[in-house]
1. Out of all DSSP beta bridges with both ends in the chain, state the antiparallel percent to the nearest 5.
2. Apply the a/c threshold of 1.5 to the C-alpha gyration tensor of the stretch 4-71 and tell me whether it is rounded, prolate or oblate.
3. Over the chain, what lengths in whole Å, largest first, do the semi-axes of the equivalent ellipsoid take, defined as the square roots of 5 times the eigenvalues of the alpha-carbon gyration tensor?
4. Of P166, A187, V44, which is farthest on the positive side of the dipole of the chain, counting Cα position, with +1 on Lys and Arg Cβ, -1 on Asp and Glu Cβ, and the Cα centre as origin?
5. Once the piece of chain linking E301 and R42 is laid out straight, how much longer is it, given 0.36 nm per residue of separation minus the C-alpha distance between them?
6. If you place +1 on the Cβ of every Lys and Arg and -1 on the Cβ of every Asp and Glu, how big does the dipole about the Cα centre of the chain come out, in debye to the nearest 20?
7. Quickly rank 31-44, 63-76 as a protection proxy: mean count of other C-beta atoms within 10 Å, highest first.
Amino acid sequence: MLDIREVEAFLAVAEELHFGRAGERLGVSTSRVSGLVRAFERRVRTTLFERTSREVKLTEAGRRLFAELCPAYTWMQRAIAQVRDAAEPRGSVLRVGFSTTLPPELVDKSIAAFEERYTSWRVVKSEYPTSEVLRWLHQDWPVDVFVTWLPGEPALLGLRGMHIGPVAARVPRVVLVGADHPLAVRASVDVEELAAHEVIAFGELPEGVSRVWTPRVTPNGRPMALRWLNTVYLEEAIRAVVHEGAAHLTFGGLLDRYPRPGVVEVPVTGVGPMSVVSLWSTETPVQIARVANGFADTVAEVGGS
């Protein structure tokens, strides 16, 4: 039989690639997380992580298991939420998902400001990987509203099936490279120069989002050398950066939230910023949609303050 605590510990470490941060996320000690992971490895009878004093990374078996378990765990959470919602009246609870890479102060201040304004409502918070919402486009959402990152101007991405709230913040782009990468010593780099280096592109993102996140050509028409990843998870991008010499075009401040040994953040000019926005399904019931819109406005006000 599976132990859900072991599964949650495995997923948290797989996403964080750090036992301490996984413990903070789960609200338990580092040793507790380590013990749960060891128990889970005994249960599946294989090693899931390679651990050294400097880094933690998934084994091949760990990557396969993570790819299978992550969506299954999301579906399980969704099923529990649906049963819970059917058992107790809705109307006073707003389920809000936040990208795991958002600044904690934006999350906390947004919830506090919303609950102060909408006194009859309370927020139930959960966290998901940044692009997880893009998997929900044609599914039942496990949350009422999701606050996340999108590239460029989100309203121009052509995303169907979701409402997009006002932009809460625009953050300049950076490129993540390994410490021994030629760009690692630069104070900044122009997007034109990235054409000379292998840059990560995510194959599982919708085409419109993927092309803005990682341009196919530079503004001057130079084709980008793309390193395609069939995933949307940060740990796989970091692995390609550290071990395969690829560059990851993303938003500034990511390493403040998730520091990674051997990874350097270099500002990029000539490419549009990343935006923080709130999203909710076009199929959301009218009453919840109105409140979701209010939450989106609150996040935008907090982000702009």
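Computed from the coordinates by the stated procedures, all read-outs in this text should not be read as laboratory data. This is a predicted model, so every value here is computed, not measured. Using ideal geometry, Cβ is built from the backbone for each residue, glycine included, and neighbour counts are taken over all protein chains shown.
1. For the chain, the DSSP antiparallel bridge percentage is about 60.
2. Taking the square roots of the gyration eigenvalues as a ≥ b ≥ c, the stretch 4-71 is rounded.
3. Semi-axes (√(5λ), whole Å): 30, 27, 17.
4. It is V44, whose Cα lies furthest towards the positive end.
5. Working: separation 259, 0.36 × 259 = 93.24 nm, distance 4.82 nm.
Roughly 88.4 nm would be gained on extension.
6. Values: 34 positive and 37 negative charges, 88 e Å.
Value, rounded to 20: 420 debye.
7. Averaged packing, sorted descending, gives the order 31-44, 63-76.
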